[in-house]
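Inspection log for the structure reproduced underneath, given as structure tokens.
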Amino acid sequence: MKNVDEKRENDWTRQAIVVRKRSTTETRDLAFLVIGREFKNLSFYFALLAVPVWALDALFFALFLFGAPSEIGEESGVLFWQNSFVYWIIALETAFVGSLATRYLGVWLFESERKIERREIVASWLESLPQLLYFLVLTRPLRRGTFYAETILLERTPFRKKSGRYSTAERVRSFRRGVLEPNLWPATAALSGYFLLDSLGPTLIATGDAWTAAFHWAIFPAFLFGLRFYVVVLDFLRYINYRVATEGWDLDLAFKVESAKLAVDSERRRDGDKGAFALTLTLGEENENGEI
């Protein structure tokens, strides 16, 4: 599976999107287009991890953060900071929760013309699971770097430096701190969504302690996971854009595309020469036997 997976990843001639430098606005628009085109597959891979994590979060919030339904909303200031803590937790979980979708995007980028098997995505993701758990779960609150999931799943960096390759930690440290700045806008969207849902819910859906508890334990967290679904795709495209802008990845891919085409043309010419040689031998034998 690993050799097949690497062979497919090195097929540079079939790119689902053009790898080139894009502005921030264009990258955000492209994220919507990618989601619209691949929504079924992306939502499947995202939900595989998001649903169980969301359920665990809801249980944690109910037991330890908000308490009993009658206790919710007694102090608005405290409630605001509790929901800010909810956002912070889910923001930390995003990279791991979206890692399966990120892995799919990495294969889809170069393999959009073929049917991508789900077991292939899951199997290749499982190979990187120890690193994902270490960097994105166990030590995530202590790390300020970004693009961990993309580095582990797309560049296949080792846990420790070996054979002249950077380790995952060393590779991530090479990224600029400034790439974290565009993540400020999801917090603004979350804040707006919180007040919107909090205002419309009691008016259009239900009221009372049961609604209040459901809103803080499950509905608002579910809204944040939906928002982070878009962030996963956006971060993948930002990673591609970052490598193009700082490492000239588009030029590297262009050379690999041309090399691949030259290799195909050379192979075809060799096959053509062999065919012509075989035809000459056949015609010669036919002439010696006197056959037409």
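The values are calculated or read from the model by the stated rules, or taken from the named source; none is laboratory data. Here the structure is a predicted model, which means the values were calculated and not measured. All Cβ positions, even for glycine, are placed from backbone atoms using ideal geometry, and neighbour counts span all protein chains on display.
Of the helices (runs of 4 or more DSSP H) lying entirely inside the stretch 166-248, the ones with 1 or more residues being within 18 Å of Arg140 (Cα to Cα), basic (Lys, Arg) and at pLDDT 70 or above are found at 168-173, 220-247. I'd like to check something: does the stretch 124-140 contain any residue that is assigned by TED's automatic domain parsing to the domain that holds Phe44 and modelled with pLDDT under 90? Looking through the stretch 124-140, at least one residue is assigned by TED's automatic domain parsing to the domain that holds Phe44 and modelled with pLDDT under 90. Note on the stretch 61-79: among residues that are surrounded by 15 or more Cβ atoms within 10 Å (Cβ to Cβ) and modelled with pLDDT of 80 or more, the one that is nearest to Tyr104 (Cα to Cα) is Phe61. All conditions in (1) touching a residue at least 60 places away in the same chain (Cβ under 8 Å); (2) not in a helix (DSSP H, G or I) hold for Gly145, with the sole exception of (1). Residues in the stretch 141-170 that are surrounded by 13 or more Cβ atoms within 10 Å (Cβ to Cβ) and either of a type in the set (Lys, Arg) or outside the structural domain of Tyr242 (by TED's automatic domain parsing) (or both): Arg143, Arg156, Lys161, Arg165. Residue count for the stretch 120-156 satisfying the condition of being of a type in the set (Asp, Glu) and within 14 Å of Thr94 (Cα to Cα): 1. When residues in the stretch 84-116 are screened for being modelled with pLDDT under 90 and outside any helix (DSSP H, G or I), 5 of them pass.
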